[in-house]
Amino acid sequence: MRFIWCAFGISATLFIGLSDASGLMRPDLDKVFSRPLIVGASVSVGMLATGPGDIAARLVNGGSNTVNVAENGAKGKQLGNISSESLAEYSVIIGVDYLFWDSIERDPTESLRALRNLVRSARKAGVPLVLGDIPKLVSEQVEASRAKLNGQIHAQCRRERRCYVLEIDKLHRQASGPGIVIGEYLYRFADLTVDGLHTNRFANDYLARKIISLLSSNE
């Protein structure tokens, strides 16, 4: 019961912070979130809780123009042929779990190619891009592939390219170890997940705020 009470209390704090003194709701964010494109897998699609990208869009301007093409179990390499022309109609691209399931592949070459193409295409289209890196969550993940993918996410996704990394791997390690302080409370990984794989609504609110902060501080 303590966690439920804390979650609702801090969630309210997050929403208030987004609309008041934090400065996150600047006028330019309305433009950034005017037509978001959300890609990725089950967390992005909102399988068990509304996804962070959708929450961020709703917080900024209601999210009515959000396009969500994420799919349960999708791999980033499925979008390997994406082009700058197909991205030009969007205002921001958000993929918090874009490459998560690619990390179960022993050879991530095709996934790495898709990542480079997405970053290049978004940059050419003039569309900011937010990508989550990959936490270790399931036994099927190949650690060597996860390391290569994470390395390239951080190498390819740079501010001068208007590409920003949501450091989910770091947050997961913190939550699995000492915990994450949000507001006045300490949260463990079990407090932030539905089933050990999918983040819950409270965690997605927290990630949404981080997405907005990334875009607000770099636009």
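Here are some residues: Asp102, Asp97. Which one is open to solvent by less than 10 Å² (accessible area, probe 1.4 Å) and in contact (Cβ under 8 Å) with a residue 40 or more places away in the chain? Show your work before the answer.
On the way: Asp97 fails: open to solvent by less than 10 Å² (accessible area, probe 1.4 Å).
None of the others qualify; the one that does is Asp102.
Quick check on the range 172-183. Is at least one of its residues of a type outside the set (Lys, Arg) and in contact (Cβ under 8 Å) with a residue 40 or more places away in the chain? Walk me through how you get there before you give the answer.
The first filter runs over the range 172-183 and keeps only residues of a type outside the set (Lys, Arg), leaving 172, 174-183.
Subset that is in contact (Cβ under 8 Å) with a residue 40 or more places away in the chain: 182-183.
Yes; the residues of the range 172-183 include at least one that is of a type outside the set (Lys, Arg) and in contact (Cβ under 8 Å) with a residue 40 or more places away in the chain.
Hey, can you tell me all the residues within the range 74-101 that are under 13 Å from the mean Cα position of the chain (by Cα) and either in a loop (DSSP other than H, G, I, E, B) or of a type in the set (Ser, Thr, Tyr) (or both)?
Applying the first criterion (under 13 Å from the mean Cα position of the chain (by Cα)) to the range 74-101 yields 92-100.
Within the range 74-101, Val96, Asp97, Tyr98, Leu99, Phe100 meet the criteria.
So how many residues does the range 19-73 have that are open to solvent by 60 Å² or more (accessible area, probe 1.4 Å), at pLDDT below 95 and outside any helix (DSSP H, G or I)?
7
With respect to Ala12, is the statement that it is open to solvent by 20 Å² or more (accessible area, probe 1.4 Å), more than 22 Å from Ser217 (Cβ to Cβ), assigned to a helix (DSSP H, G or I) and modelled with pLDDT under 95 true?
Values: open to solvent by 20 Å² or more (accessible area, probe 1.4 Å): yes; more than 22 Å from Ser217 (Cβ to Cβ): yes; assigned to a helix (DSSP H, G or I): yes; modelled with pLDDT under 95: yes.
Answer is yes for this residue.
Go through the range 30-83 and give me each residue that's among the charged types (D, E, K, R) and under 21 Å from Ile212 (Cβ atoms). Reasoning before the result, please.
Filtering the range 30-83 down to residues among the charged types (D, E, K, R) leaves 30-31, 35, 54, 58, 71, 75, 77.
Within the range 30-83, Asp30, Lys31, Arg35, Asp54, Arg58 meet the criteria.
So which residues in the range 172-189 are touching a Ser or Thr at 6+ places or on another chain (Cβ under 9 Å), in a helix (DSSP H, G or I) and not aromatic (Phe, Trp, Tyr)?
Ala175
Is the range 195-206 home to any residue that is more than 15 Å from the chain's Cα centre (by Cα) and surrounded by fewer than 21 Cβ atoms within 10 Å (Cβ to Cβ)?
From the range 195-206, those more than 15 Å from the chain's Cα centre (by Cα) are 195-196; that's our starting set.
Those left that are additionally surrounded by fewer than 21 Cβ atoms within 10 Å (Cβ to Cβ): 195-196.
Taking every residue of the range 195-206 in turn, at least one turns out to be more than 15 Å from the chain's Cα centre (by Cα) and surrounded by fewer than 21 Cβ atoms within 10 Å (Cβ to Cβ).
Does any residue of the range 155-170 turn out to be surrounded by fewer than 19 Cβ atoms within 10 Å (Cβ to Cβ) and more than 26 Å from Val32 (Cβ to Cβ)?
no
Give me the residue from the range 105-135 that is in a loop (DSSP other than H, G, I, E, B) and more than 17 Å from Ile211 (Cβ to Cβ) and, out of that set, least open to solvent (accessible area, probe 1.4 Å). Talk me through it step by step, then tell me what you get.
The first filter runs over the range 105-135 and keeps only residues in a loop (DSSP other than H, G, I, E, B), leaving 105-108, 126-128, 133-135.
In the following step, the residues that additionally are more than 17 Å from Ile211 (Cβ to Cβ) were identified as 105-108, 126.
Working: Glu105: 44, Arg106: 200, Asp107: 103, Pro108: 6, Gly126: 42 Å².
Once the filter is applied, the top-ranked residue is Pro108.
The values are calculated or read from the model by the stated rules, or taken from the named source; none is laboratory data. Predicted model only: the values in this text are computed from it and were never measured. Glycine also receives a Cβ, built like all others from the backbone with ideal geometry; neighbour counts cover every protein chain displayed. Note: areas computed on protein heavy atoms with side chains; ligands, DNA, RNA excluded. Shrake-Rupley method; radii C 1.70, N 1.55, O 1.52, S 1.80 Å.
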